[in-house]
Amino acid sequence: MTDTTQLWTRLDTFDLTDYTDRSHRQGRDALRGDAVLVDQIRALTDATAAVRKDAERLSPGTRHAAETAGLFLDAQEYLLTHDKPRYEQYASVGLLRHLLRVDGNTASRAERAHIWLVFRRILEAQLEFELAALAGISDLDKREFSPEVARNRYLILAEMRELVPGRLGGRVVGSRWLTMPSGDRTLRQVARDRSGTAAIERLLLFPQTTCYDEVAFLSQIQLGECLFWGALLCVRQALAAVAAGRLASATGHVRAAAQFAHPLIKIFQSVRAMPPAHFHSFREQTGNASAVQCESWQMLDAHLYGVLPEKVEALDSTPEVRHVLTLDRPGFVPLVQVVAGLGETPEERLLRDEIITLDQRVRAWRAFHTRQLAGRQNPGYLPEDACGSGGTAGFPYLAAQRPPRASGMVKGSVINSDQWVASGDTKIGTR
Ligand code: HEM
């Protein structure tokens, strides 16, 4: 038997339905105490890593499947063998990035549509989770289920569907919640589904606790990830187009980025539907997981505004995002600064308007997060004077951030293309 045949046989022995069910019903601590399970996951992680090491000689389908299974197993192994989760493992961000197919530097129409599709599937799964609980047909036995909270969150999340562009707003078939209890697919079958749909439904969401609202929290993080990645790729394409003097093309890319930024505020409004007491019930278990470790956001922020001086220390002390500091260099011009070089031709005005819209959406998101989530008091989501789980000062760290405002950029000299850094110069995921 070849290595890969052996691997598929072994992955067939992993009972995904049982694992998912236990993580929802018992929480991570109970699973961590199961030495047989931990050993099995460790062994499968090693076997998958051995195959992934030789990725070059694998067919694209096999490579995709090995990568899918490997990224799932890497995160689960980490969570089961470390006291404190980190952001990427906690929210299955490595696997999500792979499923979003965002490792390249482009944001073609098809690539953007794919990101929206993944977003849509995650959203739909969360809506069905809330509906099943509200209808009393979920048997996951979750703690602190409040019908009022679930209903309010459902309504906000449902509004988000309207912000998914055009044809992609149609209904998505399939759900992790309707298939989970009887789901008979093994890890091998899920990993080998080329479309990635099965992996989205079955491999992304594993809570630490049995708290009902933690499921939504994980979905909300993953929805945010989809939008950050989508916006980032478009912004990079826009910068490359500006560098090449193709302003109409840049405008299209910025418009697409602004579309991705549109639902961001709704994600936070839906987080706010959760009472702080519910957050306190699972916050401790999220350990050192903090979105300060979120590569897509930190890259997006830096491409939009430049590396904010208030963030240098946090970025430097966070391995997942330290590489973002490479953008803090002379010659790198972030998107809002492009406004300063635009004149009054119709083409330039269009581009400026789109950049301002994008900036406004991202600012609204940032302000809501800082004031309504991190800064909310009586009762607050965070204990007063609490540090952030990412090791920052928490609220003061967020409140200190002063990104330059696109609308406040003074008109400067004509754009000199030598000034611009083409988007291909900075690689994503190079840490
Ligand atoms: C009750 C919910 C939340 C609270 C209280 C909260 C609080 C915080 C705090 C205190 C930080 C500072 C960094 C640190 O942890 O040391 C932070 C960072 C961050 N959070 Fe949240 N957060 C919440 C939910 C979310 C969600 C659902 C998302 C994503 C959809 C998110 C995205 C981010 C991002 C991207 C950062 C990094 C900001 C930066 O470094 O510029 N947060 N959050």
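The values are calculated or read from the model by the stated rules, or taken from the named source; none is laboratory data. Source: prediction; values computed, not measured. Virtual Cβ from ideal backbone geometry, glycine too; neighbours counted across all protein chains shown.
Find the residue count for region 1-46, including only residues that are farther than 16 Å from T210 by Cα and either of a type in the set (K, R) or touching a strand residue (DSSP E or B) at 6+ places or on another chain (Cβ under 7 Å) (or both). Within region 1-46, residues that are farther than 16 Å from T210 by Cα and either of a type in the set (K, R) or touching a strand residue (DSSP E or B) at 6+ places or on another chain (Cβ under 7 Å) (or both) number 2. In region 314-333, the residue that is modelled with the lowest pLDDT out of those that are out of contact with any helix residue (DSSP H, G or I) (no Cβ under 8 Å at 6 or more places or on another chain) and closer than 26 Å to M409 by Cβ is P330.
Okay, residues lined up against (1) near the ligand (Cβ under 9 Å from one of its atoms); (2) more than 30 Å from R28 (Cα to Cα); (3) free of Cβ contacts under 8 Å to residues at least 40 places away in the same chain; (4) surrounded by fewer than 22 Cβ atoms within 10 Å (Cβ to Cβ):
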| position | (1), (2), (3), (4) |
| --- | --- |
| M299 | no, yes, no, no |
| R322 | no, no, no, yes |
| D328 | no, yes, yes, yes |
| V336 | no, yes, no, no |
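For region 212-230, a residue qualifies if it is within 12 Å of the ligand (Cβ to nearest atom) and either among the small types (G, A, S) or touching a His at 6+ places or on another chain (Cβ under 6 Å) (or both), and the qualifying residues are D213, A216, S219, G224. Of everything in region 371-400 that is at positive phi and more than 9 Å from the ligand (Cβ to nearest atom), the residue that is modelled with the highest pLDDT is N378.
Quick grid of which residues meet (1) aliphatic (A, V, I, L, M); (2) assigned to a helix (DSSP H, G or I); (3) surrounded by fewer than 21 Cβ atoms within 10 Å (Cβ to Cβ):
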{"position": "R255", "(1), (2), (3)": "no, yes, yes"}
{"position": "V271", "(1), (2), (3)": "yes, yes, no"}
{"position": "M274", "(1), (2), (3)": "yes, no, no"}
{"position": "H278", "(1), (2), (3)": "no, yes, no"}
{"position": "E284", "(1), (2), (3)": "no, yes, yes"}
{"position": "V292", "(1), (2), (3)": "yes, yes, no"}
{"position": "S296", "(1), (2), (3)": "no, yes, no"}
{"position": "A302", "(1), (2), (3)": "yes, yes, no"}
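Scanning region 304-320 for residues that are without any contact (Cβ under 8 Å) to a residue 60 or more places away in the chain and crowded, with 19+ Cβ neighbours inside 10 Å returns V307, L315. The set of residues in region 76-107 that are over 26 Å from S195 (Cβ atoms) and of a type in the set (D, E, K, R) comprises D83, K84, R86.
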